[in-house]
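K.L.:
The structure is given below, and queries will be raised subsequently.
The values are calculated or read from the model by the stated rules, or taken from the named source; none is laboratory data. What you are looking at is a predicted structure, and each value in this text was computed from that prediction instead of being measured. Cβ atoms come from the backbone with ideal geometry, glycine included; neighbour counts cover every protein chain shown. Quick note on the areas: whole protein, heavy atoms, side chains included, nothing else; ligands and nucleic acids left out. Shrake-Rupley method; radii C 1.70, N 1.55, O 1.52, S 1.80 Å.
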Amino acid sequence: MPQPKNVFVTGATGFLGSQLSFRLLEQGHRVRILARSSRTTSARERVEQTLRDVAGVSEADAALSPLFARLEVFEGDISQPGLGLNDAARALVTASTDEVWHCAASLSFAEEDRAEIFRMNIGGTEHLLPIVEQTPSRRLQHISTAYVAGNRPDIAKETEIDVGQTFKNPYEESKCRSELLIAEAHRKGLV
């Protein structure tokens, strides 16, 4: 087994983020998750229920207790500066995170959701990058999509994020702009 790491995950209540978080916990890593609470459920309860669903176990099943012992859930929101974390949480995350997995995103394609899509997908990346820059390793894994290619008549290459393509919807445009932010941070050596 590889050396256990401290991994920070956004989007852990979504499909990819929940699968990733569960596998990281199974592998013995300490997983720190950024999540929002709902009106009736705390952020931790939301994450634990999502991970139970991934594992296919009920709330009464104690099988996940050893995994949950390595789970930390931070209440926050990617669309807020500093991810909405308080100073103590932000200091802990930045001081001891080995890698960050950015899985959070708005998945809406609807034009009427444009402001929310941009707030989550572009704003979320803008707010996450300064956190990653402060971590010891500056290691960021960003979940993207082939939709960044937009409308183009040729083959889309990973090395060509923006070639002046148009987009069918705000989701495609927001994910392309998010990729450009990360590419620029990488070019500057920040992540």
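K.L.:
Which one of these is touching a residue at least 12 places away in the same chain (Cβ under 8 Å), in contact with a strand residue (DSSP E or B) (Cβ under 7 Å, 6 or more places away or on another chain), open to solvent by 40 Å² or more (accessible area, probe 1.4 Å) and among the charged types (D, E, K, R): ARG30, ARG119, ARG114? Explain how you work it out, then say what you get.
P.N.:
Details: ARG119 fails: in contact with a strand residue (DSSP E or B) (Cβ under 7 Å, 6 or more places away or on another chain); ARG114 fails: in contact with a strand residue (DSSP E or B) (Cβ under 7 Å, 6 or more places away or on another chain).
The conditions single out ARG30.
K.L.:
Moving on to the next point. Exactly one of (1) among the β-branched types (Val, Ile, Thr); (2) crowded, with 17+ Cβ neighbours inside 10 Å; (3) modelled with pLDDT under 95 is unmet by ILE155. Its number?
P.N.:
Going through the list (1) among the β-branched types (Val, Ile, Thr); (2) crowded, with 17+ Cβ neighbours inside 10 Å; (3) modelled with pLDDT under 95, ILE155 breaks only (2).
K.L.:
Among all residue pairs at least 6 apart or on different chains, which show Cβ distances below 9 Å where the first residue, located in the range 51-68, is more than 18 Å from GLY11 (Cβ to Cβ) and outside any helix (DSSP H, G or I) and the second is of a type in the set (Lys, Arg) and at pLDDT 95 or above?
P.N.:
So the pair list comes out as SER58/ARG52; GLU59/ARG52; ASP61/ARG52.
K.L.:
Suppose the filter is over 15 Å from LEU128 (Cα atoms), modelled with pLDDT under 95 and open to solvent by less than 60 Å² (accessible area, probe 1.4 Å); does VAL47 pass it?
P.N.:
Values: over 15 Å from LEU128 (Cα atoms): yes; modelled with pLDDT under 95: no; open to solvent by less than 60 Å² (accessible area, probe 1.4 Å): yes.
In short, no.
K.L.:
Would the range 74-83 turn up any residue that is closer than 26 Å to ALA183 by Cα, of a type outside the set (D, E, K, R), assigned to a loop (DSSP other than H, G, I, E, B) and touching a residue at least 60 places away in the same chain (Cβ under 8 Å)? Write out each step before concluding.
P.N.:
From the range 74-83, those closer than 26 Å to ALA183 by Cα are 76-83; that's our starting set.
Cutting the leftovers down to of a type outside the set (D, E, K, R) gives us 76, 78-83.
Remaining after also requiring assigned to a loop (DSSP other than H, G, I, E, B): 76, 78-80.
Next, only the ones that are touching a residue at least 60 places away in the same chain (Cβ under 8 Å) stay: 78.
Yes, there is a match, as at least one residue in the range 74-83 is closer than 26 Å to ALA183 by Cα, of a type outside the set (D, E, K, R), assigned to a loop (DSSP other than H, G, I, E, B) and touching a residue at least 60 places away in the same chain (Cβ under 8 Å).
K.L.:
Could I ask something else about it? Checking ILE122 against (1) more than 15 Å from the chain's Cα centre (by Cα); (2) farther than 30 Å from PRO4 by Cβ, which single condition isn't satisfied?
P.N.:
(1)
K.L.:
Hey, another quick one. hydroxyl-bearing (Ser, Thr, Tyr), buried (at least 19 other Cβ atoms within 10 Å of the Cβ) and under 23 Å from THR125 (Cα atoms) - does that describe any residue in the range 15-25? First the steps, then the outcome.
P.N.:
We begin by selecting, within the range 15-25, every residue hydroxyl-bearing (Ser, Thr, Tyr); these are 18, 21.
Still in the running and buried (at least 19 other Cβ atoms within 10 Å of the Cβ): 18, 21.
After this cut, where a residue has to be under 23 Å from THR125 (Cα atoms) as well, the list is 18, 21.
Yes, that holds for at least one residue.
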